[in-house]
1. Could you count how many residues in the range 121-147 are free of Cβ contacts under 8 Å to residues at least 12 places away in the same chain and in contact with a Pro (Cβ under 7 Å, 6 or more places away or on another chain)?
2. Among (1) among the charged types (D, E, K, R); (2) modelled with pLDDT of 95 or more; (3) surrounded by fewer than 18 Cβ atoms within 10 Å (Cβ to Cβ); (4) within 21 Å of Glu153 (Cβ to Cβ), there is one condition Asp13 misses while meeting the rest; what is its number?
3. Quick check on this structure: which one of Ile87, Ile124, Ile81 is touching a Ser or Thr at 6+ places or on another chain (Cβ under 7 Å), over 12 Å from Leu139 (Cα atoms) and open to solvent by 40 Å² or more (accessible area, probe 1.4 Å)?
4. I'd like the residue in the range 23-70 that is assigned to a helix (DSSP H, G or I) and without any contact (Cβ under 8 Å) to a residue 60 or more places away in the chain and, out of all such residues, is surrounded by the most Cβ atoms within 10 Å (Cβ to Cβ).
5. May I ask you to list the residues in the range 134-147 that are out of contact with any Leu (no Cβ under 9 Å at 6 or more places or on another chain) and either modelled with pLDDT under 95 or not in a loop (DSSP other than H, G, I, E, B) (or both)?
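The values are calculated or read from the model by the stated rules, or taken from the named source; none is laboratory data. Just so it is clear, the structure is predicted and the values come from calculations on it, not from any experiment. No Cβ is skipped: glycine too gets one built from the backbone with ideal geometry, and neighbour counts run over all protein chains shown. Accessible surface areas use protein heavy atoms only, side chains included; no ligands, DNA or RNA. Shrake-Rupley method; radii C 1.70, N 1.55, O 1.52, S 1.80 Å.
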Amino acid sequence: MTEVKYYRPSWDDYFMAMARIVAKRGTCDRLRAGAVLVKNNRIISTGYNGSPPGLPHCDDIGHMMEEGHCVRTIHGEHNAILQAAVIPGASTEGSTLYVKFLPCIHCCKYIVAAGVKRLVYAKIYRNTKSADYLREAGLEVEEYKDNPEWNKEVRILFEDEIEVMKPAEGDVVIKE
């Protein structure tokens, strides 16, 4: 029997995959963005493009347009920061933000003000000026490079059924 090598993703692969999954919760079809806010390799919060709690979503009632932009939703990056703000004891200072798209300039302001120190993005959405702005503020900004081996693993992860694992030693027996 051929032994299958276990693939362990890098931290960037791991958190970027989560940002892509989080984006699927987005409720504005103009852009389904996702963000994962991480500190010391632990997730602080997540965010996606969506309306504030209790208000209707674009996907349900349509867009609220202002100067060519939908303003009904809060952007994923901003939502991740706001979510951290309501978690007792959470701090965004010195954190890393993983995002599906390079943030807009407005989100960049919130990212800088929140004390985020590193931003990893997968794709450029509108322009590269945002990256320059963040770097000027002292952030480390990196474009995520797709990892074909990890992408293959993620596809397998969601195509295969969840396997039942049993240790080689047998079942645990609890004696009363």
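1. Going through the range 121-147 one residue at a time, the tally reaches 0.
2. For Asp13, the failing item is (3).
3. Values: Ile124 fails: touching a Ser or Thr at 6+ places or on another chain (Cβ under 7 Å); Ile81 fails: open to solvent by 40 Å² or more (accessible area, probe 1.4 Å).
Matching residue, one of Ile87, Ile124, Ile81: Ile87.
4. That would be Cys58.
5. Listed by number, the residues that qualify are Arg135, Glu136, Asp146, Asn147.
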